[in-house]
Amino acid sequence: MNHSVMQNSQQDLAHLRPAPNDEIDLGQLIRNLINEWKLISSVTAVGAIASVFVALSLPKIYQVNSIISLPTQQQLGSATEQNLIPVSPGITFSNLLVQLSNSEVQKTAYKMSSLPAKLSENTPEFNLEVSFLDFQKSLKIERLDHEYNQTSKDELAPLRDIKISAESQYPTEITNFMNQLLDTANTRALQEFELTVVKAKSQQIKQLKLDLENLTSAAETARKAKIQRMEEANDLKIAQLEQQLTTLLTNAKETRENRIIALEEALATAKSLNIVEPVTWDDLRPNRQPSQITNELGETTKASPLYFQGSRILSAEIQRLRSRKDDTPFISSYDQIKQDIQNLKNDPEIAALKIRENDTIYIDRFDELNQKLSALQTVPETFPETTFKNITLEPIAPRSPIKPNKKLIAVAGTVLAGFLAIFLALIRIAIRPTNEHI
């Protein structure tokens, strides 16, 4: 019984076995597909309608482009006149690119533009941070290299142009954002430049003032050292002169005292000889002969002894010498030495050095540094007429969107729906015999 059942099953499946000559009948297949025209038409129509609906429902996206190039010397203006910070179109252009690529700058420009307000009108749960992050994905800042700027495969051409592009469904607002971005980036780049100038200026002024203070301090120190050296030299000379005066006074006193001793001895002799008034040798020879006088005239004249002056004169001179309190009038060089000492104590050069209030006139580099400081202080710290942006392509609101391509979407959707319909029809044709047999 089981054997008969198996034979019957094999007979039922016999029609599913491939023919010995395994060939596809294209004519029959096309006829079968034509028979499924309702399915194919309906699926294709539904796909076409859906694709048209999708194309019409997608928002229009507009793209705004702008191109900025190297700034000109005229646009850099007075920034090139200062020599604190090197300025060139390439440097300023690179700084501007840094600011354009700065996320904070982009966010600031986004908030200042009219785009967030426009988006919030059509979005119930509008979030500024989220909307900015979504918008930032469509913002592109890239260098624009021209063929004539290319140098070699391994060498990058100099940066000359930057292209900025952004996409949104609101062309006017996206244009406003683009202008805000350019203005904000330029303002930030200029502020960074001005801040750098201020810092460099402040540092150089500080260093110059420090140099001037050091020179002034060194000159004052040198002046005081010179005063000290001169005073020490004068003090040494004064000490020597005062020692000389002391020696002269001592010698004068000794001379006076020796004179007193000699006079006292002469006074004693005069008193013993009863010589009161001055006498001569003739006065002491009352019985002289003419022949004696003649002989004396032929002899050499001899000095008279001191006691010949007589006791009256000797006593008076002794009394005068003893009563003398000051021997300086009898020292010939005393007044000159005293004057020399006074001149050394009142040295006019030392006095002039002490009252000098300005040592800078004797510093070689002081005027040069001071002129440099004065010139540096006149360097401007702001450059209102300077701009780093050279817009060669102004951002303009486009009239036509870049996407979606409605025709392409409709055609592509219809074609895909047609292929899907044919695929479904083939599946249906393939499974129909089995279903009919069942």
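The values are calculated or read from the model by the stated rules, or taken from the named source; none is laboratory data. Predicted model only: the values in this text are computed from it and were never measured. All Cβ positions, glycine included, derive from the backbone under ideal geometry; neighbour counts span all protein chains shown.
Before moving on, here are some points about what is shown:
- Residue count for the stretch 272-307 satisfying the condition of being of a type in the set (Val, Ile, Thr), exposed (fewer than 12 other Cβ atoms within 10 Å of the Cβ) and at pLDDT 75 or above: 1.
- Considering the stretch 360-419, the residues that are within 30 Å of residue 189 (Cβ to Cβ) and among the basic types (Lys, Arg) include one that is farthest from the chain's Cα centre (by Cα), namely 389.
- Taking the listed residues 210, 215, 190, 195, the one that is more than 27 Å from residue 347 (Cβ to Cβ), among the hydrophobic types (A, V, I, L, M, F, W, C) and surrounded by 15 or more Cβ atoms within 10 Å (Cβ to Cβ) is 190, with no other qualifying.
- With respect to the conditions (1) assigned by TED's automatic domain parsing to the domain that holds residue 372; (2) over 30 Å from residue 343 (Cα atoms); (3) among the β-branched types (Val, Ile, Thr), residue 205 falls short on a single one, namely (1).
- Matching residues, the stretch 395-411, being in a loop (DSSP other than H, G, I, E, B) and of a type in the set (D, E, K, R): 399
- Residue satisfying condition, being exposed (fewer than 14 other Cβ atoms within 10 Å of the Cβ) and at pLDDT below 90, within set 332, 323: 332
- Restricted to the stretch 335-379, and to residues there that are surrounded by 14 or more Cβ atoms within 10 Å (Cβ to Cβ) and charged (D, E, K, R), the residue that is nearest to residue 198 (Cα to Cα) is 372.
- Conditions (1) in contact with a strand residue (DSSP E or B) (Cβ under 9 Å, 6 or more places away or on another chain); (2) assigned to a helix (DSSP H, G or I); (3) small (Gly, Ala, Ser); number of the one not met by residue 166: (2)
- Residue 416 being touching a residue at least 40 places away in the same chain (Cβ under 8 Å), out of contact with any Ser or Thr (no Cβ under 9 Å at 6 or more places or on another chain), more than 30 Å from residue 205 (Cβ to Cβ) and outside any loop (DSSP other than H, G, I, E, B): no
- Pairing residues of the stretch 249-277 that are under 11 Å from residue 315 (Cα atoms) and free of Cβ contacts under 8 Å to residues at least 60 places away in the same chain with residues that are of a type in the set (Phe, Trp, Tyr) and not in a loop (DSSP other than H, G, I, E, B), at Cβ distances under 7 Å and at least 6 apart in sequence or on separate chains, gives 266/307; 270/307.
- Some residue of the stretch 59-68 being touching a Pro at 6+ places or on another chain (Cβ under 7 Å), at pLDDT 90 or above and hydrophobic (A, V, I, L, M, F, W, C): yes
- All positions within the stretch 359-394 that are of a type in the set (Phe, Trp, Tyr) and either under 15 Å from residue 211 (Cα atoms) or assigned to a helix (DSSP H, G or I) (or both): 362, 366
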